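Peer 1: My structure is below; once you've seen it, I'll send some questions.
The values are calculated or read from the model by the stated rules, or taken from the named source; none is laboratory data. If you're wondering where the values come from, they're calculated on a predicted model, not measured in any experiment. Positions of Cβ are backbone-derived with ideal geometry, glycine not excepted, and every protein chain shown enters the neighbour counts.
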Amino acid sequence: MTPFLRRALAAWTALVLLFLWFPIAILVAWSFNDSRLNVLWKGFTLRWYAVAFSDAGLLRSLGNSLWVAAWATLLSVPLGTAAAFLLERHRFRGRDLLETTLLLPMIAPEVVIGTSLLALFVAVGLELGFATVIASHVAFCVPFVLVAVRARVASLDPALEEAALDLGATPAAAFRRVVLPVVAPAIASAALLSFMLSFDELVVTWFTASASSRTLPIEIYGRIRRGLDPGLNAISTVLVAATLAVVALAGLVRRRSGGSR
Amino acid sequence: MSGAGAASRGSREPGPPGRVARLLLAPLVAWAIAFAVLPTAMLVACSFGRRGTLGGVEPGFSLAAWGRLLDPTVRVVLGRSVAWAGLATIACLVLAVPAAWTIARSAPRRRAWLLAAVVVPFWTSFLVRAYAWVTILKGEGLLNGALLAAGLVSAPIEMLYTPGAVLLGLVHTFLPFAILPVYATAEALDPALVEAASDLGAGPVRTFREVVLPLLGPGIAAAALLVFVPALGLYALNDVLGGGRVDMIGNLVADQFTGAARDWPFGAALSVALLLAFAVAWRLAGRGGSLAASLER
């Protein structure tokens, strides 16, 4: 590669990253701007954080989001992990059909998932609320857990487990001491993935939530449509910081799991 | 995740489920039926029903909703969705391929940082990122403020609520989706192949066209799919940045269920048609696994 080409590629990459980060940086910087109108820099202030964190509507929806994401993770991780083991380790009738069905929510556009679940909930007379939101989030989180955990299960040599069994370990002990340590990091990152997918979800929630189970993205969406709001800059900055923390955490989990990036 | 894969599969072939596995199977099958099969069936049933007076649907059998798929409105919105999603895909690939290649070829430490610089925006809520563009593009926003202060314009330019703003938002939202799979392919690629091409006298353009591009092919295909498919089904972003003037197919569906139109059978027919189109697209492009595989990175 010529030095010119190398420099051109580096410059291009810098521009791409700048484009990705520029609006985020502006958003974060202006969350500290002492101006209601959001145009020019007036001075440093923390008052938008005070505004955001004394806003009952925002706080309630943030609480709702955390609650929903926690339950969605708690339910989709065991389901997706069980599916990963079953589909990877066993052959049975209807296996391909089950796999396709379980992966369907990952392939379908969000608007289709949302409307189909709404149609179901209405047909069976289920009132919209936390239960319907959590169920719909589990529906689209399970396939992601399945795929993430399955890759790791596939890389696990069954001979290791067999050796443990031959050496006298009970099946439960072999699973706990041989299989689990290898698969655990994948389960942990699948849990993170579910949590973040659920926490960020707007469209599916839009169709399956009631007024009292509105999540943070729905609240933010409503506020953006109403216009500029420095409180939104503050809450967005908190979300960006939380994302940074989660990505760092995921990096640590992966490093501890060793090898696989 | 780069597993050792099936290479090290041991002596035991996957067998029929044992007692524990059968216990696991029951809830999974129940789950798949309750939250994938039944909703889809309901949607199909709904599309053949009659429109309820207060929204919802009344039982019956009618093909009216399916007939409406041929409406000119649907054609216009569908054409626009495909056009915008296509433009966004091309823009994302043009931006992503050289960047992904460069990141993959940099030294390990720097590579980790550059990759993190892509992953964090990837995980940052698209609403937050769309709102950032609103603060920049709005009439009383940052860019107009700067232009006015610099004396470059005498009145604010309308930038928000234009098709250009929607396209900008689409590219910004999906750019990381394009970079990550291309990066994954580029990283696994043997640099010696590229060196060999230039050693044998190929210029940079020829090397790129005849060596790099074919090798990156699968990654680029995955990237195109990962941008085009969600961009097509998008619902909220064009609302925030296009102000309801740049409706896409997702808006049309949502409008039938929760918006002013209130025509569930029509919305359901649109949804089913969209689902079928996506299923075909995924089928053509191989398995859905590539999505999660690139998310894993």
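Peer 1: Take the conditions farther than 22 Å from B:Gly49 by Cβ and touching a Ser or Thr at 6+ places or on another chain (Cβ under 6 Å) and apply them to A:Gly129. Does it pass?
Peer 2: The answer is yes for A:Gly129.
Peer 1: Take the conditions in a helix (DSSP H, G or I) and either at pLDDT below 90 or of a type in the set (Phe, Trp, Tyr) (or both) and apply them to B:Leu143. Does it pass?
Peer 2: Judged against the criteria, B:Leu143 is a match.
Peer 1: When you look at B:Ala91, is it within 14 Å of chain A (Cβ to nearest Cβ) and of a type in the set (Gly, Ala, Ser), yes or no?
Peer 2: In short, yes.
Peer 1: Right, here's the next one. Need pairs with beta-carbon distance below 8 Å; first residue assigned to a loop (DSSP other than H, G, I, E, B) and within region A:50-61, second among the aliphatic types (A, V, I, L, M) and surrounded by 18 or more Cβ atoms within 10 Å (Cβ to Cβ); sequence gap 6+ or separate chains.
Peer 2: A:Phe53/A:Ala234
Peer 1: Out of region B:241-297, which residues are closer than 30 Å to A:Ala84 by Cβ, surrounded by fewer than 23 Cβ atoms within 10 Å (Cβ to Cβ), over 16 Å from the mean Cα position of the chain (by Cα) and modelled with pLDDT of 75 or more?
Peer 2: The answer is B:Val272, B:Leu276.
Peer 1: Now for a different question. Can you tell me which residue is farthest from B:Phe48 (Cα to Cα) among those in region A:88-122 that are modelled with pLDDT under 90 and more than 7 Å from every other protein chain (Cβ to nearest Cβ)?
Peer 2: That would be A:Glu88.
Peer 1: Pairs needed: first member in region A:130-159, closer than 21 Å to A:Glu88 by Cβ; second member anywhere, among the charged types (D, E, K, R); C-beta distance under 6 Å; at least 6 residues apart or different chains.
Peer 2: Filtered contacts from region A:130-159: A:Ala148/B:Glu296; A:Arg150/A:Glu88; A:Val153/A:Glu88; A:Ala154/A:Glu88; A:Pro158/B:Arg12.
Peer 1: One residue is enough: does region A:90-107 have a residue meeting the conditions in contact (Cβ under 8 Å) with a residue 60 or more places away in the chain and assigned to a helix (DSSP H, G or I)?
Peer 2: no
Peer 1: Same structure, new question: Name, by its number, the condition in (1) touching a Leu at 6+ places or on another chain (Cβ under 6 Å); (2) on the phi > 0 side of the Ramachandran plot that does not hold for B:Leu137.
Peer 2: (2)
Peer 1: Right, something else. Residue by residue through region B:32-81, note down the ones that are hydrophobic (A, V, I, L, M, F, W, C) and in a strand (DSSP E or B).
Peer 2: B:Val57
Peer 1: Could you run through region B:25-63 and say how many residues are surrounded by 20 or more Cβ atoms within 10 Å (Cβ to Cβ) and free of Cβ contacts under 8 Å to residues at least 24 places away in the same chain?
Peer 2: Going through region B:25-63 one residue at a time, the tally reaches 7.
Peer 1: Can you tell me how many residues in region A:185-209 are at pLDDT below 90 and more than 12 Å from every other protein chain (Cβ to nearest Cβ)?
Peer 2: 1
Peer 1: Now a separate question. Among (1) within 10 Å of another protein chain (Cβ to nearest Cβ); (2) at pLDDT 85 or above, there is one condition B:Ala223 misses while meeting the rest; what is its number?
Peer 2: (1) is the only condition that B:Ala223 fails.
Peer 1: Quick check on my filter: what residues within region B:229-271 are assigned to a loop (DSSP other than H, G, I, E, B), within 18 Å of B:Gly79 (Cα to Cα) and more than 7 Å from chain A (Cβ to nearest Cβ)?
Peer 2: B:Leu234, B:Gly244, B:Arg245, B:Val246, B:Asp247, B:Met248
Peer 1: Within region B:5-14, identify whether any single residue is more than 30 Å from A:Leu15 (Cα to Cα), within 28 Å of the chain's Cα centre (by Cα) and either within 11 Å of chain A (Cβ to nearest Cβ) or at pLDDT below 90 (or both), and answer yes or no.
Peer 2: yes
Peer 1: Still on this structure: Looking at region A:240-261 only, could you name the residues that are at pLDDT 90 or above and surrounded by 20 or more Cβ atoms within 10 Å (Cβ to Cβ)?
Peer 2: Listed by number, the list holds a single entry, A:Val240.
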